[in-house]
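Participant: Before I ask anything, let me first share the structure, which is written out below as structure tokens.
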Amino acid sequence: MLTEQRYEKILDLVNEKKSVTVKEMTELLESSESTIRRDLTVLHKKGRLVKVFGGAVAIEDRKSVV
């Protein structure tokens, strides 16, 4: 799977479920944990999601994390 495709699938999952763990994403996307963690870092820096310990949450749910 191409990186951009993986980014879109991650964003779809996060926006649909509001929060997703790294473990869930590795299983659903058939990617390694290190790949998912790198992807989450990139998407977090772009402001597309909020990276949290063990996974990610949707931007609109950021207040509940803080």
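The values are calculated or read from the model by the stated rules, or taken from the named source; none is laboratory data. These numbers come from a predicted model, not from an experiment. Reconstructed Cβ throughout: ideal geometry from the backbone, glycine too, with neighbour counts over all protein chains shown. Side chains are part of the model used for accessible areas, which takes the heavy atoms of the whole protein and leaves out ligands, DNA and RNA. Shrake-Rupley method; radii C 1.70, N 1.55, O 1.52, S 1.80 Å.
Participant: Hey, could you check region 1-32 for residues that are outside any helix (DSSP H, G or I) and open to solvent by 80 Å² or more (accessible area, probe 1.4 Å) and say which is modelled with the highest pLDDT?
Facilitator: Going through the qualifying residues, I end up with GLU30.
Participant: OK, next. I need every pair where a residue in region 19-46 that is at positive phi has its Cβ under 8 Å from the Cβ of a residue that is loosely packed, with under 14 Cβ neighbours inside 10 Å and not in a helix (DSSP H, G or I), sequence separation at least 6 or different chains.
Facilitator: Taking only residues 6 or more apart or on different chains, the pairs are GLU30/MET1.
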